[in-house]
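Contents: one structure, followed by commentary.
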Amino acid sequence: MKSFFLIFFLFSVSLFAQKTFTHDVYFDTDEYNVPLTEENRLLLFISSLDSININKVSIYGFTDDRGTNEYNLELSQNRANTIKELFSGYGVDPNLITNVNGKGEILLKVLNEEEVHQIRGLNRKVEIIVNEQLATKKTTKKDKEAIVAKEDDDKEKTTEDIKSGSIKKGDKIRLDKIYFKTSYSYVTSDSKKTLEKLAKILVEKDNLYFTIQGHVCCTQNSRDAVDKKTKKRNLSVSRAKYIYDYLARKGVDKRRMKYVGMRRKFPLGGDPKYDRRVEILVTYVGKEN
């Protein structure tokens, strides 16, 4: 509610237009440490931002098409995290860095086989987007609608967005009210109804392809947790596979799904039950039948 009144106040005074500055940082194969030449380029870019009023910074990590999906997601996230640390180290307020996401691999698109090496090199990167905020003009009704639409697009997506068809590639959906029993890969009894509803939606939306990401709580150093049923330290994978198997039994085509374990690399904070979770990363959205 507080943020709503703030947005309303800004609407009543002026429209804040954003000028965008972009920069790409390139990495060596399988590395997330920034090469010295790239760090020097990045420093020059950050120096050029000294005279502008930064509204927000978005950082997106990518890999080339080699490696497994799980490996590429982890590597791309590590690359994004490295750039965030460099930004903070060079004096950019960390609170301005609103998005730090690993997007995984960029599919290889080649017209000439001799270009493969060069194109893969360009795909091993982090994209940086810096928005400068400038007060420019009186707000119109159309401006308000555009800003509200942008605010809606930036909100965390839900299963209702899947149902409405407003999901796009790259969106991530945290599955609310689906919780796992401590140290096990199966969901609590009060989660079954929500899971059944999700399955029905995904069967209907057969144009959606996605990766199920499992998470755990309460471990150190981004480790996975032990599954008490199997005694293996792969609980995040087991949780993702539990959802995968359930959806498959309910009629979701396995060709549309993958599953990976994210260990405890992305804790949400607060009650540990919220880290015993799964998320869906949308990898492709086709045309609806």
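Taken together, the values in this text are just the output of simple stated rules run on the coordinates, not laboratory data. Everything numeric in this text was worked out from a predicted model, so none of it was measured. Quick reminder, even Gly has a Cβ in these numbers, built from the backbone with ideal geometry, and neighbours come from all protein chains shown.
Assorted remarks:
- For GLY67, neighbours were defined as the other residues whose beta-carbon sits under 9 Å from its Cβ, and their charges (Lys and Arg +1, Asp and Glu -1) total -4.
- Residue pairs exceeding 20 angstrom between C-alpha atoms, taken from LYS229/LYS250; LYS232/LYS265; LYS103/LYS181; LYS200/LYS258; LYS172/LYS229; LYS103/LYS169: LYS229/LYS250; LYS103/LYS181; LYS172/LYS229.
- Restricting region 37-105 to chymotrypsin sites (Phe, Trp or Tyr not before Pro) that sit in a DSSP loop and have at most 16 other Cβ atoms within 10 Å of their own Cβ leaves TYR90.
- Local electrostatic count at ARG223 - Lys and Arg +1, Asp and Glu -1, tallied over other residues with Cβ under 12 Å: +3
- Listed by chain and number, the aspartates and glutamates whose C-alpha is less than 13 Å from the C-alpha of LYS193, apart from same-chain residues fewer than 8 away, are ASP176.
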